[in-house]
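To keep things clear, I will list the structure first and then write my remarks on it.
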Amino acid sequence: MNLKSGGEILVDCLRKQGVKQVFSIIGGQMGSIYDTIGNRDDIHLFIPRCETTAPLMAAGYIASTGLPAVSLTTVGAGVVYEVGGLAHAWLNYLPLISLAPQVQSWKTKPHQESLQACNQDEIFAPLTKWNTIIYHWKRIPQLILRGFREAYTGVPGPVHIDVPVDILFKRWLWSKKRQAAWPLVQREATVPGDDSRLATAAKMLASAKRGLVIVGQGVGRQGRYRNLRTYLGQLGLPVITTRFSSGILCGRDEIYAGPAALFTSSEAGLKLLKEADAVVLVGIDPESAALIDQCGAKPKTIIQIETDPSALLTVAGCPVHADPISALQTFVRAVPAAAENAKAWLDKVLKAGTELARPLAPVESGLNLVLSELARSTTRDDIIVADGAGVASMAACLLKDAEYQDLFCMDERDTLGVGLPFALGAAIGNPLARVTLICDKEALFAHVRELSPAAQAGIALRIIVADEEDTRTNCADTASVLKGFGCGVERIDVVSGAGVKIPAHRSGGRTALVVKPQVEQQTKKARLAG
């Protein structure tokens, strides 16, 4: 038996579940947690400049490593600021653990005003899978375990847990034997599936001549069935990915046709997808659901694989409640000739993907040209984050044939400026990788101040930013701002496309390429001519 505070027990529980990284801005109510982290070297703390970016950094860390991470914010205002960042985890199926102190347990529900008190659990209810308040120290292990189980089971997503300040600071006798008995949550669920249902799906694939696989919901990322690409390759059907699963396949995967946006942005692409006579839907999300409607896929041709039965579509002709690996293993065994039968169809779809991508990179276009150059220089050491209106889909399409470790795409439908803190979280989790952020000026400036703690921590990051703002309405010079945050900056005015050079990824430092597009050159010439 030994004497421990609630904060110490909480940190012990996090470490038991594999947490090594916490993103947080200090608040006095979290003192016992901070003291505990400061006294041990197996869990680390990164302090951003704003509570909004704490969950965004945690999201980048989780998505790129497959390891759990925690966003820790203080009571009241800190929690409110966290909401915008936590929405990204909710929208992108990321099992993020959000923790916050709460007023004393005897002052909650209804609140007796103190310490900026508010109904934190109700604030988080719409954008978390599960949330709770820990009212007694004995329940800390139980509810932390429940939080991890809720976050990772079925369709993953964020959870939020409030811990009253008196629970965090009070000390009790604690049994090491009890602590050793805490179970570990299985983060990659195994659901074998019903044999008869799997057999029906395999029979559908065996009779299909033009099968297509759509992967969404982040399935196949680190920590979420990372062997998925192996079985997709063995199955041999063309695969397209949604924005939520961007980057799980790349140029070295012979079955990767490209992102869904590449096909849905043109009539020719949609026409081709409508030829599919069987669609394997792995992980339903808003984009894949919309794609099913756009393709006009008949219900009887849809095979849907889900670990959460509540996510199965009522229109799916063959819904399969199973994990993707178990289902694909069954298909590979049951339909050994699928790859051979689909060879001509696969070649047709891959060729179409290449032809559809070609018009997106005209030689006179600035950022497109830079992306094309980047595609030629990426390797398995590269993690690429694309953020901004139009930038994400452009990057996904132009980098389709490139080789990289990971590609993450955020666009105007996501939290504004998520890319920079997300990229910093990925860089913290992958110190040996080359992390590159591709974004526009608006996305960069949303959280540009996070480059300050990144510089203090020696985080390496390469930034490619399209400087598309009209200087008459926005006087901030992008290159000067980046230099002020310690970035080594190069600037190019891409008109003819000559002389494009991507800055090197500098270990321990931040480099940036500011791309001035041709449209500004044309505007300047027009003003001079006038």
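The values are calculated or read from the model by the stated rules, or taken from the named source; none is laboratory data. Please read all numbers here as calculations on a predicted model, not as lab measurements. Cβ placement follows ideal geometry from the backbone for every residue including glycine, while neighbour counts extend to all protein chains displayed. For accessibility, only protein heavy atoms count, side chains too; no ligands or nucleic acids. Shrake-Rupley method; radii C 1.70, N 1.55, O 1.52, S 1.80 Å.
More than 15 Å apart: what percent of Cα pairs in the range 243-336 qualify?
Cα-Cα pairs of the range 243-336 separated by over 15 Å account for 65 percent.
Which order, highest average first, do 478-490, 168-180 follow once you tally other Cβ atoms within 10 Å for each residue and take the mean per peptide?
Ranking, from highest mean packing down: 478-490, 168-180.
Please figure out what share of the DSSP beta bridges in the chain is antiparallel and state it in percent, rounded to the nearest 5.
Here the antiparallel bridges make up roughly 5 percent for the chain.
If you stretched the chain out fully between Lys203 and Ala457, how much longer would it get, using 0.36 nm times the residue separation minus the C-alpha to C-alpha distance?
Gain on extension, Lys203 to Ala457, equals 85.9 nm.
In whole angstrom, how far apart do the alpha carbon centroids of the range 239-260 and the range 367-383 sit?
Cα centres, the range 239-260 to the range 367-383: 16 Å.
Round to a whole number: what % of the accessible area of the range 398-471 belongs to carbon and sulfur, probe 1.4 Å?
The value for the range 398-471 is 45 percent carbon and sulfur by accessible area.
Carbon-plus-sulfur fraction of the accessible area of the range 305-388, 1.4 Å probe, in percent?
Accessible surface attributable to carbon and sulfur in the range 305-388 totals 55 percent.
For the range 255-271, in order, what is each residue's ³J(HN,Hα) by Karplus, 6.51 cos²θ - 1.76 cosθ + 1.60 with θ = phi - 60°, in whole Hz (x at glycine and Pro)?
9, 7, 8, x, x, 4, 4, 5, 8, 7, 7, 9, 5, 5, x, 5, 4
Run the numbers on the range 199-293 and let me know its relative contact order in percent, using alpha-carbon pairs under 8 Å that are six or more apart.
39
On a 32 Å Cα-Cα criterion, which of the cross-link pairs Lys20/Lys129; Lys348/Lys501; Lys129/Lys209; Lys400/Lys516; Lys16/Lys400 come out too long?
As for pairs spanning more than 32 Å Cα to Cα, those are Lys348/Lys501; Lys129/Lys209; Lys16/Lys400.
For the range 167-221 and the range 319-362, what is the separation of their C-alpha centers, rounded to whole Å?
23
In 10 Å bins starting at zero, report the fraction of Cα pairs in the range 366-471 per bin as a rounded %.
The percentages, shortest bin first, are 16, 50, 31, 3.
If amide hydrogens are placed 1.01 Å from N in the peptide plane, which non-local residues have theirs closer than 5 Å to the one on Arg491?
Close amide H contacts, sequence-distant or interchain: Val514.
Taking θ as phi - 60°, what are the ³J(HN,Hα) couplings along the range 204-217 by the Karplus curve (6.51, -1.76, 1.60), each to the nearest whole Hz, with x for Gly and Pro?
4, 5, 5, 8, 7, 10, 9, x, 9, 10, 10, 10, x, 6
Just to verify a number: FRET efficiency for Gln104 and Asp308, C-beta to C-beta distance, R0 = 41 Å, to 0.05?
0.65
Any chance you could check the Cα centroid distance between the range 75-96 and the range 6-46 for me, in angstrom?
19
Report, by chain and number, residues whose modeled amide H sits under 5 Å from the one on Leu212, excluding near sequence neighbours (fewer than 5 apart, same chain).
So Leu212 has HN proximity to Ala278, Val279, Val280.
Extension gain Glu412-Asp381, at 0.36 nm per residue separation less the Cα-Cα distance, in nm?
Residue separation times 0.36 nm, minus the Cα-Cα distance, leaves 8.4 nm.
Work out from phi, with θ = phi - 60° and the Karplus expression 6.51 cos²θ - 1.76 cosθ + 1.60, the ³J(HN,Hα) of each residue of the range 413-425, listed in order in whole Hz, and give x for Gly and Pro.
7, 9, 4, 4, x, 4, x, 5, x, 4, 5, 5, x
Give the Rg/Rh ratio for the range 92-188, taking Rg as the radius of gyration of the Cα atoms and Rh as the Kirkwood radius, to two decimals.
Answer for the range 92-188: 1.00.
So for the pair Lys300, Ala268, with labels modelled 7 Å out along Cα→Cβ, what separation do we get in nm?
3.3
Taking the simple approach of a point 7 Å from Cα along Cα-to-Cβ for both Glu373 and Lys343, what is their distance in nm?
4.0
What FRET efficiency, computed as 1/(1 + (r/R0)^6) with R0 = 22 Å and r the Cβ-Cβ distance, is obtained for Thr354 and Asp493, rounded to the nearest 0.05?
0.15
Using helices alone, what [θ] at 222 nm do you get for the chain, with -39,500 (n - 2.57) per DSSP H run of 4 or more residues, divided over all residues and rounded to the nearest 500?
Calculated mean residue ellipticity at 222 nm is -11500 deg cm²/dmol.
Skipping prolines and chain starts, which residues have an amide H placed within reach, meaning under 5 Å, of the one on Ala389, given they are 5 or more residues away or on another chain?
So Ala389 has HN proximity to Glu412.
Pick out, from Gly509, Ala59, Val163, the residue whose Cα sits farthest towards the positive end of the charge dipole of the chain, with +1 on the Cβ of Lys and Arg and -1 on the Cβ of Asp and Glu.
The listed residue farthest towards the positive side: Val163.
Can you put Glu287, Glu188 in order of accessible area, largest first, using a 1.4 Å probe?
Highest to lowest solvent-accessible surface, that is Glu188, Glu287.
For the range 303-358, list log₁₀ I(q)/I(0) at each q in 0.14, 0.25, 0.26 Å⁻¹, using the Debye formula over Cα point scatterers of equal strength and ignoring solvent, two decimals each.
Normalising to I(0) and taking log10 leaves -0.59, -0.91, -0.92.
Using 7 Å Cα-to-Cβ label points, what is the Asp293/Arg226 separation (nm, one decimal)?
Result for the modelled spin labels: 3.6 nm.
When we measure straight from the Cα of Lys170, which lysines land under 21 angstrom away, once same-chain ones fewer than 8 places off are left out?
Correct list for Lys170: Lys4, Lys107, Lys109, Lys138.
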